[in-house]
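The values are calculated or read from the model by the stated rules, or taken from the named source; none is laboratory data. Since this is a predicted model, take the numbers as computed values, not measurements. Positions of Cβ are generated from backbone atoms using ideal geometry, with glycine treated the same way; all protein chains shown enter the neighbour counts.
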Amino acid sequence: MQRLKAILLVLAAATSVQGGASVAKSLFPSFGPPGVVWLRLAFGSIALWVIARPVLRSRPWSELRLIPALGVVLVSMNASFYESLDRLPLGVAVTVEFLGPLVVAIIGSRRKLDLVWIAFAGAGVALLAGGAGTAVHPLGLVLAAVAGFCWALYITLSVPIGRAFPGASGLAPAMLIGALLITPWGIVSSGSHLRDPQLVGAAVGVGLLSSALPWSLELEALRRLPTNVFGVVLALEPVIAALSGALFLHEHLGAQAWIAIALVVVASAGAAFEITRERTEPPDA
């Protein structure tokens, strides 16, 4: 029963992230992708700061220098993803972006089975690049791939930051730095719509749905789940993204696109399970 509850928490976190992405895309006509990125990072950092209450004083420079690096990666990842989302259906953008963590999971591995997961992922992306029965913008695919690369960098940086800063106490200031970096672009892109409290309120919702809420849910799930199970469940995120796009944005994908998404999901789940299958107990969150 505890494991089932934890799995539901992971699914709820993924649903929250993709629900936030759906709301974010609906705000593009008003704020533009840069404006939404700015507001998401700003309000998300405030929420995480309240939750984590980071203490940065007396920290050595070797630890503090990781925070601006993560801030640059965060703003780059969000900007490239939202720009891709402006040109692609949500399910397609998330599927291509998912190649980032997949590469991180496989890189350095010498198992022959990983070649199967690479082949699955490659076939899925090739289907998407070929159109897969839906309208696909080439620049959108490139931007989603850039977002995936930034996601890989984010994962790489999260390891030393997670060791140096407990919980989200390193993520919160990094998000704030990211928000500051994109502030001029975000203000210009948002224009007079910043005066609309309803639209700004929706942007606050994006920050909570995409940052604070899923982080809290995933942290709680990691207390109860082995790493391999967590990775396999999280691999369903492209499917959740496609369903969110269909439900909230009326982005109905063709059969080929769903096959492509399924190939990437299988590759991600297979890599996550194989790499950590020896883990039988939940890790220290």
TODO: Please go through region 39-51 and pick out each residue that is farther than 13 Å from Leu180 by Cα, surrounded by fewer than 24 Cβ atoms within 10 Å (Cβ to Cβ) and touching a residue at least 24 places away in the same chain (Cβ under 8 Å).
DONE: Ala47, Trp49, Ile51
Task: Number of the exception - Val36 against (1) crowded, with 18+ Cβ neighbours inside 10 Å; (2) at pLDDT below 95; (3) part of a helix (DSSP H, G or I) - done: (2)
- [ ] Counting only residues that are in contact (Cβ under 8 Å) with a residue 40 or more places away in the chain and on the phi > 0 side of the Ramachandran plot, give me the helices (runs of 4 or more DSSP H) lying completely in region 106-195 with at least 2 of them.
- [x] none
Open item on the list: Just to check your reading of the model, which residue among Ala105, Ala21 is among the hydrophobic types (A, V, I, L, M, F, W, C), under 20 Å from Leu213 (Cα atoms), out of contact with any strand residue (DSSP E or B) (no Cβ under 9 Å at 6 or more places or on another chain) and crowded, with 23+ Cβ neighbours inside 10 Å?
Closed with: Ala21
Open item on the list: For region 190-228, give me each residue that is within 23 Å of Pro68 (Cβ to Cβ) and of a type in the set (S, T, N, Q).
Closed with: Ser210, Ser211
Open item on the list: For region 128-149, give me the residue count where each residue is hydrophobic (A, V, I, L, M, F, W, C) and surrounded by fewer than 22 Cβ atoms within 10 Å (Cβ to Cβ).
Closed with: 9
